[in-house]
Amino acid sequence: MTSELVARDPGPGIDPDQVPALDDLQIGHLRHIENLANQLPGDWSKMGGVDPGQELFDAYRYQLAYMAYTLGLAQYHWLPAAPSALKPTFEKTVEKMLRRDVWSYWKETSRGARVLDPDITALREPWTDPVVKENIMYSGHLYMMTGMHAALFDDDRYDTPGALTFEWDPVFQGLAPESHVYQRSTLGEVIYWQMVENGWLGVACEPNCIFIVCNQFPMMGFRFEDLRKGTSRAEEATSAYAAAWERRGMYAGNGSFHPFLMVKQDQLAPPGGIAGDAWVASVMNTWNRDVVREVFPRQLRGTLKTGPDGTLSHYSPSVVPQVRAALDAGEPADLPHDTTDLSTDPTFGYIAAALSELGDERVRGLRAHADRFMNPTWENGGLYYPRNDRAWDGEGNRTGVDTMTGNVLLGYSRLNVPDGLWALYNRPWTAEHFAEPRVVSQEGAFDLRRAYYHRDSRTLLLTARPRDGKPTDLSLTVANALPRPWTLSVDGIAVAGSDGPEHSSAVRVVADGDTLHLSTALDSETTLALRWS
Amino acid sequence: MPTSQARVGGHFELIDHFGERVTPECYRGQFMLVFFGFTHCGQICPAVLSRNSRALELLGRDADEIRPLYVTVDPDRDTPEVLAEYLRDRHPRYTGLTGTAEEIEAAKRAYHVFARRADELDDYTVPHTSFTFLMNPDGDYVTHYTDTVTAEELAAALAGEIARHRRNS
């Protein structure tokens, strides 16, 4: 279906330009996430990172968490009337998050590390439970993921006993297996009380290290929990957290966030530059928007290099001070990249995520760079940027791609809208939304480009497109059908209605109480408009 | 299989401001209203203790079912005598609790209380958690109140918990 067809007659009172519709690239990113989420258990193809111990920023847990957040943004901003489209994939990400391959690193990491706690002379006794203490770099994400699921899908399945259970049972160990049994709310309690006992500075990631960024995600978790329970923990947590860091000092002399606090030494780590700043800003914007809007532009200053045709990439930390000095002096600040920097961490993706959240149009320049220099690849209908450990090409263009940036963060930036995560935090869906008509299940090999219920005209607008150009059968279940006469239009032509006929050669509709089952053959992009009088 | 829970409260062994060794078992049959602080505290402690004392006044006779406890996070300075002197006129309903550094650490840990000496000078401060914890007559955690709750709100909340307990027992 084309946009002209939508314009023809989607339903009286609907401005097609105001109806969100996913574009091809966005659908491609969602499809890639779905492809990854549907890989067999233990198959981490395309997700493998540099570090074998899941300790760096491309670890599975971060990819899975951001896959879920991307799906959440898409659900809220693009397909609000079709939880059927993304919910199954979202739940796959949680399922994978609970696999031992994702969190078992903690048994080694829990022992401590001299790099992060230079005063220790011996390592601690390890433990397997990945959420009971510290490790907010895992537990914070799991809490936000499961809370977001509840807030978006009106579903508390992860807050039932045992819903979040960590099984430790190595095949040949032969000792009693361990089960660590949680659910969303008990996970939140564990995080909350650690924040309390740490004076609200946050929960440690690696032992002794409270990272600022990792403590942003449980704040979202608290907020989502509040929405389900009618509590106000997020308000308490964010205000206490802000006050604690106001006393301790969150910013280094150059305006960057300190990455983390070493608790025992009461020592802040030196600023990590735009990587950490962007990552923090992209999430902290949810609860601390005014501050982020004030500090992030300064943190970003001098970190982006303009390339050919308006492309943008980030300077290495070694160059940024020189660029800023040139800017301060009013001199040309287009310095060459430092191609001796061979790191391929997710900095590129963090910046894209932050710019998308803050509504900074320069995110387009970053994506243009990625599309030109980072090997955009379509596979099984999905779009991603494959990992590339070669940081630069022969012309000095940044080409390195880590799995976080390539699998998720660039897609996240495409699915996000300005203040997109902020909206989930501050303008959550209410019971009114969940009572509206929406697609709760779907069958068939198609993608939904639109799924939007227009309240004023009482019209559910759906645009579906067969996957991979192959005709398919489409079947949809619409819940919360209004107790009013309805008419179904296909590409602007009325084909069925409650006043008859309910079926036509093109589409079959079966009413069952407040549920409607629609089915039709789908051989090209098609818009269905279900309108109640 | 039981769900893992964050436990709040638990056993402590301390000395009350009469010089007697006490444990939570000494207060069984009464709600415990537990607040951690230190007598040199210039802001939080006076405010919260006053708020709590006022709430207990508002409760009337129901306040008899509540034992307010003030646990010091500054055992070096807050001896039983200092606590007794501090509470006698200001907050006479309160019982002050102190102990060795290790005993106080254990109590703080049980209640997830943060407190850290801010400097090494004689006139040091000890920033600390400002929650007031409510434990039921069996010694189990019921809830906690932040320092933003007013005396009236606290009194109403406590009255509700007492009524709920009466209904269930």
- Item | Net charge, residue B:55 excluded, C-beta distance under 10 Å - Lys, Arg +1, Asp, Glu -1 | -1
- Query: Non-local amide H neighbours of residue A:268 (under 5 Å, H modeled in plane, Pro and chain starts lacking H): which ones?
  - Reply: A:262
- Percentage, to the nearest whole number, of Cα pairs in the protein assembly as shown over 46 Å apart: 29 percent
- Short version: which residues of segment B:97-142 lose at least 50 Å² of accessible area, all chains versus chain alone, 1.4 Å probe? B:112, B:114, B:116, B:131
- What shape does segment A:101-248 take by its C-alpha gyration tensor, where a ≥ b ≥ c are the square roots of the eigenvalues and a/c under 1.5 counts as rounded, a/b above b/c as prolate, and the rest as oblate? oblate
- Message: Could you work out what % of the accessible surface of the protein assembly as shown is carbon and sulfur, using a 1.4 angstrom probe and leaving DNA, RNA and ligands out of the count?
- Response: 50 percent
- Task: Grab the other residues whose beta carbon is less than 10 angstrom from that of residue A:418, score K and R as +1, D and E as -1, and report the net.
- Result: -4
- Task: Whole number in Å², please: accessible area per residue of the protein assembly as shown, 1.4 Å probe, ligands, DNA and RNA not counted.
- Result: 41 Å²
- Taking Cα centroids, how far is segment A:382-406 from segment A:415-448 in Å? 32 Å
- Of the GluC sites (Glu not before Pro) in segment B:2-70, which ones lie in a loop per DSSP and count no more than 12 other C-beta atoms within 10 Å? B:20
- Gyration tensor (alpha-carbon) shape descriptor, chain B, a/c threshold 1.5: prolate
- Message: Could you check the spin-label model distance between residue A:378 and residue A:533? Points 7 Å from the Cα along Cα→Cβ, value in nm.
- Response: 4.4 nm
- Message: Please list, in order along segment A:50-66, the HN-Hα scalar couplings obtained from phi with the Karplus expression 6.51 cos²θ - 1.76 cosθ + 1.60 (θ = phi - 60°), rounded to whole Hz, x for Gly and Pro.
- Response: 5, 8, x, x, 6, 9, 9, 7, 10, 4, 3, 4, 6, 4, 5, 4, 6
- Note on the structure: Ignoring ligands and nucleic acids, chains B and A bury, in total, an accessible area (1.4 Å probe) to the nearest 100 Å² of about 1400 Å²
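What pairs in A:96/A:305; A:92/B:108; A:87/A:305; A:96/A:229; A:87/A:470 have C-alpha atoms more than 29 Å from each other? Please report the intermediate quantities before stating the final value.
Working: A:96/A:305 37 Å; A:92/B:108 40 Å; A:87/A:305 38 Å; A:96/A:229 26 Å; A:87/A:470 23 Å.
Pairs exceeding the cut-off: A:96/A:305; A:92/B:108; A:87/A:305.
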- Which angle from 0 to 90°, rounded to the nearest 10, does the C-alpha axis of helix B:151-168 make with the longest principal axis of chain B? 50 degrees
- Query: In segment A:311-384, which GluC sites (Glu not before Pro) are in a loop and have at most 13 other Cβ atoms within 10 Å, using DSSP for the loop call?
  - Reply: A:361
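Can you give the relative contact order of chain B as a percent, counting alpha carbon pairs under 8 Å and 6+ residues apart?
32 percent
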- Note on the structure: Residues whose modelled amide H sits under 5 Å from the amide H of residue B:91, counting only those 5 or more places away in sequence or on another chain, are none
- Message: Amide H of residue A:446 versus every other amide H placed in the peptide plane: which residues, excluding those fewer than 5 positions away on the same chain, fall under 5 Å?
- Response: A:467
- Query: What is the distance in Å between the Cα centres of segment B:46-88 and segment A:452-522?
  - Reply: 66 Å
- Projected onto the charge dipole of chain A (+1 at Lys/Arg Cβ, -1 at Asp/Glu Cβ, origin at the Cα centre), which of A:513, A:199, A:97 gives the Cα projection farthest towards the positive end? A:199
- Note on the structure: Summing +1 per Lys or Arg and -1 per Asp or Glu among the other residues with Cβ less than 15 Å from residue A:339's Cβ gives -2
- Note on the structure: In short, segment A:193-218 residues buried by 30 Å² or more of accessible area relative to the isolated chain (1.4 Å probe) are A:193, A:196, A:197
- Heads up, I need the accessible area for residue A:152: 1.4 angstrom probe, whole protein in place, Å², nearest 10. 10 Å²
- Query: Which whole-number percentage describes the relative contact order of segment A:401-533, with Cα contacts under 8 Å and a sequence gap of 6 or more?
  - Reply: 25 percent
- Task: Specify whether the C-alpha gyration tensor of segment A:383-473 places it in the rounded, prolate or oblate class, a ≥ b ≥ c being the square roots of the eigenvalues: rounded for a/c under 1.5, otherwise prolate if a/b is larger than b/c and oblate if not.
- Result: oblate
- Message: If the only charges are +1 at each Lys and Arg Cβ and -1 at each Asp and Glu Cβ, what is the size of the charge dipole of the protein assembly as shown around the Cα centre, to the nearest 20 debye?
- Response: 820 debye
- Item | Cleavage-rule hits, trypsin sites (Lys or Arg not before Pro), segment B:49-158, DSSP coil, Cβ neighbours within 10 Å at most 10 | none
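The values are calculated or read from the model by the stated rules, or taken from the named source; none is laboratory data. Quick caveat: nothing in here was measured; it's all calculated off a predicted structure. Glycine gets a Cβ as well: all are built from the backbone with ideal geometry, and neighbour counts include every protein chain shown. Calculation scope for accessible area: heavy atoms of the full protein, side chains included, ligands and nucleic acids excluded. Shrake-Rupley method; radii C 1.70, N 1.55, O 1.52, S 1.80 Å.
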